[in-house]
Amino acid sequence: DGGITQSPKYLFRKEGQNVTLSCEQNLNHDAMYWYRQDPGQGLRLIYYSQIVNDFQKGDIAEGYSVSREKKESFPLTVTSAQKNPTAFYLCASSIEPTGDYGYTFGSGTRLTVV
Amino acid sequence: AQTVTQSQPEMSVQEAETVTLSCTYDTSENNYYLFWYKQPPSRQMILVIRQEAYKQQNATENRFSVNFQKAAKSFSLKISDSQLGDTAMYFCAFIPFSHSGGSNYKLTFGKGTLLTVNP
């Protein structure tokens, strides 16, 4: 079955460490997105990529970095510069960059700073 | 910039009854798409329904229907014959129409409404 796979499901990070969240899709979608979800905040866009080797900052990109070396993969690195990284992270994709038909989401990664 | 407002943080309904979740949005765009997503306790985001702004007919998917009022910028979701499995967080989302998907043309979400269906 086609879909988006996020791993790991749960991730624990020590203060000052960088961690990378994996997102892989086999839907042949052009565009991919990373959202952060906090209680009472809805979903906020971190980064997005409309094509391989290109990506753009979203609304809350500070302290995060991404790469898009392959169409199928869009990993997110949470750096030590991110002051409050504890959150639920959702990866999504859309068949076209316009997103007219909505996004398909992965099952998320819960990141906790310990 | 677009904004999406869901004014009901929490709602509850009895099984088999009907419930309506509210959503308003603010935009200067004339063509756009609206969505309702469901996030059950598993936290998997599921697309419930999609509405094209240039279509006057309200979208319907089985027990889910919308009341789209373009002039009022309102997009409510009605769930009929509520089931226990409908218990979830519901998000309203908006994206402007774009030929190329530029920097402003991304899916914007409201803060969500937590719906609990009681037996």
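Bear in mind that the values in this text are calculations on the coordinates, not laboratory data. Values in this document were obtained by computation on a predicted structure and should not be read as measured data.
Taking only C-alpha pairs under 8 Å that are 6+ residues apart, what is the relative contact order of chain B in percent?
Working: 285 pairs, mean separation 44.2, N = 119.
Once divided by the residue count of chain B, the mean separation gives 37 percent.
Provide, in order from the shortest bin, the percent of all Cα-Cα pairs of region A:22-114 in each 5 Å bin, continuing until the bin that contains the maximum pair distance.
3, 14, 27, 27, 17, 9, 3, 0
Would you list which lysines come within 22 Å of B:K106, measuring only between C-alpha atoms, while excluding same-chain residues fewer than 8 positions from it?
Candidates past the 8-residue exclusion: A:K57, A:K70, A:K71, B:K38, B:K55, B:K70, B:K73.
Pull up the DSSP beta bridges for chain A and report the antiparallel fraction as a percent, rounded to 5.
Of the beta bridges lying entirely in chain A, close to 90 percent run antiparallel.
Taking chain B on its own, what percent of its Cα-Cα pair distances exceed 25 Å?
20 percent
For region B:12-28, take each phi angle, set θ = phi - 60°, evaluate the Karplus expression 6.51 cos²θ - 1.76 cosθ + 1.60, and give the result in whole Hz per residue in order, putting x for glycine and proline.
9, 8, 7, 3, 6, 8, 10, 9, 10, 9, 9, 7, 10, 9, 10, 7, 9
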